[in-house]
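The values are calculated or read from the model by the stated rules, or taken from the named source; none is laboratory data. In this text, all values refer to a predicted model and were calculated from it rather than measured experimentally. Because the Cβ atoms are built from the backbone with ideal geometry, glycine has one as well, and the counts that use them run over all protein chains shown. Surface accessibility is based on the protein's heavy atoms, side chains included, excluding ligands, DNA and RNA. Shrake-Rupley method; radii C 1.70, N 1.55, O 1.52, S 1.80 Å.
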Amino acid sequence: MSEQPKFKVTIDNITVEVPAGTTILNAARMIGGDVTPPAMCYYSKLEGSGGKCRTCLVEVSKGSEKDPRPMPKLVASCRTTVMDGMEVKNITSEKVLDARKGVVEFLLMNHPLDCPVCDQAGECHLQDLSYEHGAATTRYEFDRRTFEKEDLGDYISLHMTRCILCYRCVYTAEQLTNQREHGVLDRGDHASISTLLGKSLDNEFIGNVIDVCPVGALTDKTFRFKNRVWFTKPVDAHRDCPTCSGKVRLWMRGDEVFRVTARKDQWGEVEEWICNDCRFHKKETKDWVIEGPSKISRHSVISQGHYVGVKKAPVLIDKVIGKDPKLLMDIHSISDVNRPEVELSKIAGPAHSDDFKNE
Amino acid sequence: MKLLLEHAHVEGIRYYDTYRKHGGYRSVEKAFKMTPEEIVEEVKKSGLRGRGGAGFPTGMKWSFLAKPEGVPRHLVCNADESEPGTFKDRYLMEFIPHLLIEGLIVSSFALGSNMTYIYIRGEYAWIVDILEQAIAEAKNNGWLGKNILNSGFDCEIYVQRGGGAYICGEETALIESLEGKRGNPRIKPPFPAIQGVWMRPTVVNNVETLAAVVPIINNGGEAYASIGVGKSTGTKLLSVCGNVKKPGIYEIDMTQSVEEFIFSDEYCGGIPNGKRLKACIPGGSSVPILPANLLLKTAKGETRTMSYESLSDGGFASGSMMGSGGFIVFDEDQCVVRHTMTLARFYNHESCGQCSPCREGTGWMYKILKNIEYGKGKMSDIDLLWDIQRKIEGNTICPLGDAAAWPVAAAIRHFRDEFEWHITNADEAQNRNYGLAHYADPIHVPAGA
């Protein structure tokens with residue numbers, strides 16, 4: 001067995017060694033933190049995804065050790081593989097930040113601001129993206145585009161106005177189900193996710209399109225308007241499922257299961273696909289073996305009120321002085337406020353340096 | 001100097017017998033006595049550059065073609081000529097279809113493609129019939145099919161109609177469409193030379209490029225390279241439209257000056273109706289527009305000629321591109337704002353919607369330009385337009401984003417005060433519906449004007 005060659009790649013001055021064939025985005029994910037470009041359309045579990053949203057654009061300032069020429073344009077880091085000695089600039093490049101700001105503006109241009117009534121709010125990648133990279137206001141002064149409402153069946157609700165055309169759901173249906181029944185119709189800014197002749201989506205793995213959707217375009221009809229995600233508590237659970245792994249995340253409030261989703265990793269990607277039966281029909285605690293609370297990033301609104309990994313500040317002052325701290329200046333004894341002989345209304349203001357001279 | 005259109009006006013040249021009588025299919029006879037490598041070498045020597053718009057050297061493109069054992073290779077002819085202002089391929093295919101077929105056979109032999117496709121735009125419905133008739137005639141006379149000229153080489157040519165999308169002129173979108181899928185451009189790499197049609201190595205060439213292979217083989221690469229100037233070798237077809245006395249197809253050897261091309265009677269014949277030249281798009285709608293003063297002379301004051309290098313002299317700051325050869329001429333009455341709006345509408349309509357900057361940005365630019373054109377513009381809109389085009393350009397999957405951004409950028413760069421005039425004199429601009437005349441060429445004032 002031949003050893004797979006390792007390539008050295010430097011992203012924002014941090015060098016990491018990755019196997020050949022790794023994309024820049026995945027190399028950056030190995031480093032983690034701020035140097036990881038955001039990705040709205042790339043999904044590591046879906047073959048062929050990526051390259052479309054352009055939020056992960058990075059600058060390649062040095063092509064490779066052999067050919068050190070920089071790449072002329074910004075490249076989509078999710079679809080560009082690393083070369084040995086490549087140097088990449090993400091947040092250290094003004095050009096990248098500027099282009100990314102532009103992309104976020106384009107994505108938000110026609111996106112409705114209906115977060116207050118959107119079920120995705122709180123776990124929406126577009127919210128995170130616009131919070132981190134977007135501008136505070138919009139320069140777009142025209143009507144946002146709208147679409148005819150389309151019914152995708154009993155389980156999945158489609159809000160085409162919210163869609164950013166990442167194609168993730170198309171790849172999911174193509175790669176998980178036998179026959180893809182939905183796709184992108186039309187082109188340009190009136191392109192839409194749709195089915196032929198209003199067919200409903202009823203494959204037993206089609207529920208996964210809800211999990212891969214980065215925005216609120218595809219949401220769970222059985223959870224519709226039931227609760228805000230940050231009021232529900234995520235719990236990892238499993239069951240013996242004949243069709244899928246049965247490893248899920250329950251979103252509970254008290255003993256009530258509001259929603260079942262697949263487990264997601266730190267990049268918001270599904271760890272294991274689950275079937276429709278687990279997702280839509282098993283909504284009682286007795287259906288599940290509960291493993292314990294899920295780990296949610298502390299930056300997420302879902303983990304509000306849970307202070308994970310927060311350390312209490314050590315009390316240093318005892319150790320240093322060894323006795324109770326002494327009040328160095330007792331303001332109460334100096335201020336006029338505590339003098340009963342002075343009328344409060346006569347006090348002009350806070351204690352002044354002049355007040356101390358006479359003492 | 002005519003190579004491609006040498007016999008274009010012979011009656012019946014569309015049919016095999018006449019075409020053969022005028023020296024047709026000589027290049028196939030000659031090519032089959034050479035090895036494929038020699039043909040590629042000959043094309044390399046000729047310095048032929050892709051005629052579809054980008055101007056990439058054809059010989060180099062051919063030599064990039066991967067040749068793995070046991071995997072078929074394909075040659076695809078890009079006849080999806082949808083660029084506004086470009087109609088040279090249509091002329092070639094409609095009047096001398098056998099020239100293209102001949103070029104295709106030679107190129108297929110050079111590249112080892114046993115199945116060659118012509119992807120033609122859906123709107124050219126009648127040309128499909130012409131091509132299929134030509135293919136049938138060629139097959140009947142033994143130029144196609146099994147064991148051509150006893151060389152052991154088999155070749156079939158198929159014509160595939162597109163659905164009328166501009167984006168399918170982009171080579172990877174064309175390949176997707178040819179495979180029967182939605183015409184979305186692929187993300188490169190891998191390039192078609194490695195993984196093209198059905199993941200097999202593929203070369204996609206423009207109609208005119210493949211037709212030019214015929215004179216290259218007939219006369220030799222060096223003879224072809226001696227025509228033209230510098231790296232602009234051979235002849236180029238230009239489709240001229242707009243405000244000229246004689247619009248149409250011209251074959252030039254790229255040594256003429258732009259001034260000669262527009263004003264001499266041999267070519268366009270000048271501007272009609274006693275008007276003056278205002279601006280020109282020298283290479284199809286997506287290349288930058290140039291005002292008269294920069295068109296006739298470069299920024300350095302040299303005479304601009306009709307070659308790849310000279311037209312792009314000065315970069316985008318003061319130059320343009322040869323592009324696909326769609327030469328659009330504007331006289332002093334034409335409004336640049338309206339023209340830019342029309343182009344923005346076109347690119348908005350034709351964007352495939354795959355990547356966000358192009359999908360959203362083209363529509364935004366169109367809406368702003370529409371506001372300006374119809375008297376609802378604001379001064380800040382001009383800077384906003386500039387910023388939008390800057391954020392589209394270079395950040396998209398395929399060149400359509402660039403093609404949408406460049407015309408807007410060039411119009412603002414060179415005609416900014418026309419935009420401002422449009423905004424401040426909304427009523428007048430709308431009623432007269434034409435732009436500022438002061439950009440017009442002061443030298444070529446027709447007598448009596």
- Message: Let me confirm something: among B:LYS61, B:LYS67, B:LYS45, which residue is closer than 16 Å to B:THR202 by Cβ and assigned to a helix (DSSP H, G or I)?
- Response: B:LYS61
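Within the stretch A:84-100, which residues are part of a helix (DSSP H, G or I), more than 8 Å from every other protein chain (Cβ to nearest Cβ) and touching a residue at least 24 places away in the same chain (Cβ under 8 Å)? Before you say what the answer is, go through the steps one by one.
To start, the set of residues in the stretch A:84-100 that are part of a helix (DSSP H, G or I) comprises A:94-100.
Remaining after also requiring more than 8 Å from every other protein chain (Cβ to nearest Cβ): A:94-97, A:100.
Residues satisfying the conditions are A:LYS95, A:VAL96, A:LEU97, A:ARG100.
So, in the stretch A:289-305, of the ones that are within 18 Å of the chain's Cα centre (by Cα) and open to solvent by less than 100 Å² (accessible area, probe 1.4 Å), which residue ends up modelled with the highest pLDDT?
Among those residues, the one meeting the criterion is A:SER294.
Just the residues that are within 27 Å of A:PRO38 (Cβ to Cβ), more than 17 Å from the chain's Cα centre (by Cα) and without any contact (Cβ under 8 Å) to a residue 40 or more places away in the chain, please, taken from the stretch A:261-288.
A:GLU272
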- Note on the structure: When every residue in the stretch A:188-200 that is open to solvent by 10 Å² or more (accessible area, probe 1.4 Å) and in contact with an Asp or Glu (Cβ under 8 Å, 6 or more places away or on another chain) is compared, the one nearest to the other protein chains (Cβ to nearest Cβ) is A:ASP189
- Message: Looking only at residues that are more than 11 Å from chain B (Cβ to nearest Cβ) and not in a loop (DSSP other than H, G, I, E, B) in the stretch A:31-58, which one is surrounded by the most Cβ atoms within 10 Å (Cβ to Cβ)?
- Response: A:VAL58
- Unmet requirement for A:PHE205, which otherwise passes all of (1) more than 26 Å from A:SER303 (Cβ to Cβ); (2) crowded, with 20+ Cβ neighbours inside 10 Å; (3) within 25 Å of the chain's Cα centre (by Cα): (2)
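Name every residue in the stretch A:17-30 that is hydrophobic (A, V, I, L, M, F, W, C) and surrounded by fewer than 17 Cβ atoms within 10 Å (Cβ to Cβ), in order of residue number.
A:ALA20, A:MET30
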- Message: For the structure I just gave you, tell me whether B:GLU259 is assigned to a helix (DSSP H, G or I), open to solvent by 10 Å² or more (accessible area, probe 1.4 Å), in contact (Cβ under 8 Å) with a residue 24 or more places away in the chain and under 12 Å from B:MET306 (Cβ atoms).
- Response: yes
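Every residue, every condition in (1) more than 18 Å from the chain's Cα centre (by Cα); (2) open to solvent by 70 Å² or more (accessible area, probe 1.4 Å); (3) at pLDDT below 95, yes or no:
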residue: B:HIS7; (1), (2), (3): yes, no, yes
residue: B:GLU11; (1), (2), (3): yes, yes, yes
residue: B:GLY52; (1), (2), (3): no, no, yes
residue: B:TRP62; (1), (2), (3): yes, no, no
residue: B:GLU69; (1), (2), (3): yes, yes, yes
residue: B:VAL76; (1), (2), (3): no, no, no
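Can you name every one of the strands (runs of 3 or more DSSP E) wholly within the stretch A:213-276 that holds 2 or more residues which are over 24 Å from A:CYS41 (Cα atoms)?
Working: elements: A:218-220, A:233-238, A:247-253, A:256-262.
It comes to A:233-238, A:247-253, A:256-262.
Here's a check for you: in the stretch A:101-126, which residue that is within 12 Å of chain B (Cβ to nearest Cβ) and not in a helix (DSSP H, G or I) is farthest from A:ILE156 (Cα to Cα)?
So the first thing to find is which residues in the stretch A:101-126 are within 12 Å of chain B (Cβ to nearest Cβ), and the list is A:101-111, A:126.
Now narrow it down to the ones that are not in a helix (DSSP H, G or I): A:110-111.
Values: A:ASN110: 22, A:HIS111: 20 Å.
Filtering the stretch A:101-126 for residues that are within 12 Å of chain B (Cβ to nearest Cβ) and not in a helix (DSSP H, G or I), the one farthest from A:ILE156 (Cα to Cα) comes out as A:ASN110.
Could you please find all residues in the stretch B:179-192 being open to solvent by less than 20 Å² (accessible area, probe 1.4 Å) and more than 13 Å from chain A (Cβ to nearest Cβ)?
Let us first name the residues in the stretch B:179-192 that are open to solvent by less than 20 Å² (accessible area, probe 1.4 Å), namely B:183-185, B:192.
B:PRO192 - this is the single residue of the stretch B:179-192 that is open to solvent by less than 20 Å² (accessible area, probe 1.4 Å) and more than 13 Å from chain A (Cβ to nearest Cβ).
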- Specify the residue that is nearest to A:ARG298 (Cα to Cα); the eligible residues are those in the stretch A:96-147 that are small (Gly, Ala, Ser) and open to solvent by less than 50 Å² (accessible area, probe 1.4 Å). A:GLY122
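Report yes if some residue within the stretch A:68-83 is in contact (Cβ under 8 Å) with a residue 40 or more places away in the chain, open to solvent by 30 Å² or more (accessible area, probe 1.4 Å) and within 29 Å of A:GLU174 (Cβ to Cβ); otherwise report no. Don't jump to the end; show me each part of the working.
Just the residues of the stretch A:68-83 that are in contact (Cβ under 8 Å) with a residue 40 or more places away in the chain, to begin with: A:75, A:77-83.
Those left that are additionally open to solvent by 30 Å² or more (accessible area, probe 1.4 Å): A:79, A:81, A:83.
From the residues that got through so far, the ones that are within 29 Å of A:GLU174 (Cβ to Cβ) too are A:79, A:81.
Yes; the residues of the stretch A:68-83 include at least one that is in contact (Cβ under 8 Å) with a residue 40 or more places away in the chain, open to solvent by 30 Å² or more (accessible area, probe 1.4 Å) and within 29 Å of A:GLU174 (Cβ to Cβ).
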- Which condition number in (1) outside any loop (DSSP other than H, G, I, E, B); (2) within 11 Å of another protein chain (Cβ to nearest Cβ); (3) of a type in the set (Asp, Glu); (4) out of contact with any Ser or Thr (no Cβ under 9 Å at 6 or more places or on another chain) is the one that A:GLU174 fails? (2)
- From B:GLY162, B:GLY242, B:GLY220, B:GLY196, which residue is crowded, with 18+ Cβ neighbours inside 10 Å and more than 20 Å from the chain's Cα centre (by Cα)? B:GLY196
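For every residue, the table says whether it meets (1) among the hydroxyl-bearing types (Ser, Thr, Tyr); (2) under 22 Å from the mean Cα position of the chain (by Cα); (3) modelled with pLDDT under 95.
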residue	(1), (2), (3)
B:SER324	yes, yes, yes
B:GLU332	no, no, yes
B:GLN354	no, no, yes
B:ILE368	no, no, no
B:ILE372	no, no, yes
B:LEU384	no, no, no
- Item | So A:VAL9, is it more than 25 Å from A:TYR131 (Cα to Cα) and either at pLDDT below 90 or crowded, with 19+ Cβ neighbours inside 10 Å (or both) | yes
- Message: Looking only at the stretch B:425-438, filter to residues that are in contact (Cβ under 8 Å) with a residue 12 or more places away in the chain and surrounded by fewer than 22 Cβ atoms within 10 Å (Cβ to Cβ); which one of those is farthest from the chain's Cα centre (by Cα)?
- Response: B:ASP427
- Close pairs from the stretch B:363-386: first at the interface with chain A (Cβ under 9 Å from one of its Cβ atoms), partner surrounded by fewer than 16 Cβ atoms within 10 Å (Cβ to Cβ), Cβ under 7 Å, at least 6 apart: B:LYS367/A:PHE142; B:LEU384/A:ARG139
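Being in contact with a helix residue (DSSP H, G or I) (Cβ under 6 Å, 6 or more places away or on another chain), over 17 Å from A:TYR155 (Cα atoms) and either in the same structural domain as A:THR36 (by TED's automatic domain parsing) or in contact (Cβ under 8 Å) with a residue 24 or more places away in the chain (or both): is that true of A:VAL248 here?
Judged against the criteria, A:VAL248 is a match.
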